[in-house]
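What follows draws every value from the coordinates through simple rules; no lab data is involved. Quantities reported herein were computed from a predicted structural model and do not represent experimental measurements. For neighbour counting, all protein chains shown are included, and Cβ atoms are generated from backbone atoms with ideal geometry for every residue, glycine included.
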Amino acid sequence: MGCGCIGPSSKDKYAIENIVSSKYASAKKELISIYPLTDYVKKVFHLINKIRKNPQDFISVIEQAEKYIKEINGRKIFEDNGLKVSLNEGKTMFKDCAEYLKTLKPMDELNFCDDIVLECPKEENKIKDKNIFKEKVLEKKDKFGILAYFKDSIYIPEISVLLMMVDDAVQSPRKKRETLLNPNFKFIGISSSDYDSNKSNENKKEDNKEKNKEDENNKEKDNNNENNEIKNDDTNNKNNKYKAFCAYFTLK
């Protein structure tokens, strides 16, 4: 099953999604699940496995992505495709990731495992509730041997995978990266809340008629210390309306 990615556009062939898609669109490992497979789940599953299979091929993606790092009001920000994500060390951690990938040997792809999938809630208040995620983990952790788990909140799969690999968190940096690229793990479970990008874009257009450009550009996400999670930055997001999103990752 392919990941449904598109090739590089003439407009910006160095956009993250185009770099990643052009390198990893030829995914061949079939993905079968009893759970609904969103585009996000399909893409991140195949991208993670392609990186595991050829870690050093992803180095150029990391290096090209440094151009999206900016400093705004004293804060390091990764800005691309309408997203602003707060970073901790910024370019230093991107270079750290590139060096780390140089040390890795190709490893086996992960197999998708329904037993360890934690279903994502759909309601915004539940998506933001950390306790719901913890409860879901506890329900399956011992029974199915879950050894690692985390939550992510970046709805663009290519950027999500990129920033999980860089993993520039304040506390426990590199944790997601080293988990996803651990050759000892054999199985992964991934779920995501529905995110209708077309509907979201339509909503944004309507909102923009009533907001100025400064409001439009204030969509920002921060690294959370717990489980290296990325969450919404409510300080800069009060005037923005967009559908909350989360993805759950589990490995064994």
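Past the 30 Å Cα-Cα mark, which pairs from Lys95/Lys134; Lys67/Lys141; Lys67/Lys105; Lys67/Lys130; Lys95/Lys252? Lys95/Lys134; Lys67/Lys141; Lys67/Lys130, as the Cα separations exceed 30 Å there.
Stretched out fully, how many nm does the piece from Ser60 to Lys186 gain, at 0.36 nm a residue minus the Cα gap? Let's see the in-between values first.
On the way: separation 126, 0.36 × 126 = 45.36 nm, distance 2.61 nm.
That works out to 42.8 nm of additional length.
Packing, as the average of other Cβ atoms within 10 Å across residues, places the peptides 152-160, 127-135, 56-64 in the order 152-160, 56-64, 127-135, highest first.
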